[in-house]
1. Please determine whether any residue of region 74-87 is open to solvent by 30 Å² or more (accessible area, probe 1.4 Å) and not in a helix (DSSP H, G or I).
2. Whether any residue in region 175-195 is of a type in the set (D, E, K, R) and in a loop (DSSP other than H, G, I, E, B) is what I want to check.
3. Restricting region 61-73 to residues that are open to solvent by less than 60 Å² (accessible area, probe 1.4 Å) and under 15 Å from residue 24 (Cα atoms), which is modelled with the lowest pLDDT?
4. Answer yes or no: is there a residue in region 198-206 that is assigned to a helix (DSSP H, G or I), over 17 Å from residue 257 (Cβ atoms) and modelled with pLDDT under 90.
5. Search region 98-110 for residues that are under 13 Å from residue 127 (Cβ atoms) and pair each with any residue that is open to solvent by less than 70 Å² (accessible area, probe 1.4 Å) when their beta-carbon atoms are under 6 Å apart and the residues are at least 6 apart or on different chains.
6. Which of the residues spanning region 10-60 are in contact with a helix residue (DSSP H, G or I) (Cβ under 6 Å, 6 or more places away or on another chain), more than 21 Å from residue 77 (Cβ to Cβ), open to solvent by less than 40 Å² (accessible area, probe 1.4 Å) and without any contact (Cβ under 8 Å) to a residue 24 or more places away in the chain?
7. Consider region 112-151. How many of its residues are open to solvent by 30 Å² or more (accessible area, probe 1.4 Å), at pLDDT 75 or above and either touching a Leu at 6+ places or on another chain (Cβ under 7 Å) or not in a helix (DSSP H, G or I) (or both)?
Amino acid sequence: MRIGEIAALVGVTPRAVRHYHHQGLLPEPTRRANGYRDYSVRDAVLLARIRRLTELGLGLDEVRDVLADDAGRELVEVLEELDDDLARQQELLSERRERLGVLLEQARSGRLPAEGPVSPELTALFGSLAEETAGRPESATTAKDREVLALLDTVVPAGERDRLLGAMRRMTEAPGAVERAYEVYGLLDALTDADAGDPRVEEAARALADCMPDEVVEGFGDDGTPAGDGGSALMDAFFADFPPAQAEAVRRALRLVAERVR
């Protein structure tokens, strides 16, 4: 048989056959006088076995172990390992489908945040804020605030994320919190085109610091930036996204809260 014939017989492509040759899974057959490969029934049996093993989910390295005479692994051992791996994948898929089901329900009911999908905790926080602020115009600073929270929800370790979101939730549940937050957003919005030396920066910083719970700066250094690997880089990117006066107001607010908790 020629390469196209054995490929058609087994149900693979000639390109796959050549790849298996290249990977050392399928030995090169004898060649005819004209240079064409001449495959035997034994080659077809081996190629069919390779196809069945790959369809089970084995990688080519694992297939090579099964086929090698001195691999030291019985087929049953490889298949048991594959079964365990598939069981783990199935469990992971079940968890993902469960999470997807929640997201679908939120999307269908109009409760999925624009920044979603985010964690259930942040979704709940965004939902409660949406109820509290219904009818209010959204400022540019408010939108940026939500974007930053969505980013932290993804990149911050779970324990730290839960601590921050818990602090945010308690802050929003305090009497008059929404009104105070919108006053701060207004002060920050007014700094959009200002420079960092504008006297309004200090007013905005103090108003923002008054709104921040002490837990927000736990783990921050003396300069008001997060300690630990990646903290400085994240904060550099965070501040770079703000106009200069707004960035300075936020920096001062973080330092004020850090001083308050020391």
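The values are calculated or read from the model by the stated rules, or taken from the named source; none is laboratory data. What you see is a predicted model; the values in this text were computed from it and never measured. All Cβ positions, glycine included, derive from the backbone under ideal geometry; neighbour counts span all protein chains shown. Just the protein is used for accessible areas: all its heavy atoms, side chains included, with ligands, DNA and RNA removed. Shrake-Rupley method; radii C 1.70, N 1.55, O 1.52, S 1.80 Å.
1. Of the residues in region 74-87, the ones open to solvent by 30 Å² or more (accessible area, probe 1.4 Å) are 74-77, 79-81, 83-87.
From what is left, the residues that are not in a helix (DSSP H, G or I) are 74.
Yes, some residue in region 74-87 is open to solvent by 30 Å² or more (accessible area, probe 1.4 Å) and not in a helix (DSSP H, G or I).
2. The initial filter retains those residues of region 175-195 that are of a type in the set (D, E, K, R), namely 179-180, 183, 189, 193, 195.
Next, from what is left, pick out any that are in a loop (DSSP other than H, G, I, E, B): 193, 195.
Looking for residues that are of a type in the set (D, E, K, R) and in a loop (DSSP other than H, G, I, E, B), one finds at least one in region 175-195, hence yes.
3. Filtering region 61-73 down to residues open to solvent by less than 60 Å² (accessible area, probe 1.4 Å) leaves 62-63, 65-68, 71, 73.
Checking the rest, the ones that are also under 15 Å from residue 24 (Cα atoms) come to 62-63, 65-68, 71.
Values: 62: 83, 63: 86, 65: 80, 66: 78, 67: 79, 68: 76, 71: 50.
Across region 61-73, the extreme among qualifying residues is 71.
4. Residues of region 198-206 that are assigned to a helix (DSSP H, G or I), as a first pass: 200-206.
Checking which are over 17 Å from residue 257 (Cβ atoms) leaves us with 200.
Filter again for modelled with pLDDT under 90, leaving none.
No; the residues of region 198-206 include none that is assigned to a helix (DSSP H, G or I), over 17 Å from residue 257 (Cβ atoms) and modelled with pLDDT under 90.
5. Sorted first by the residue in region 98-110, then by its partner, the pairs are 106/112.
6. 29
7. Number of matching residues: 2.
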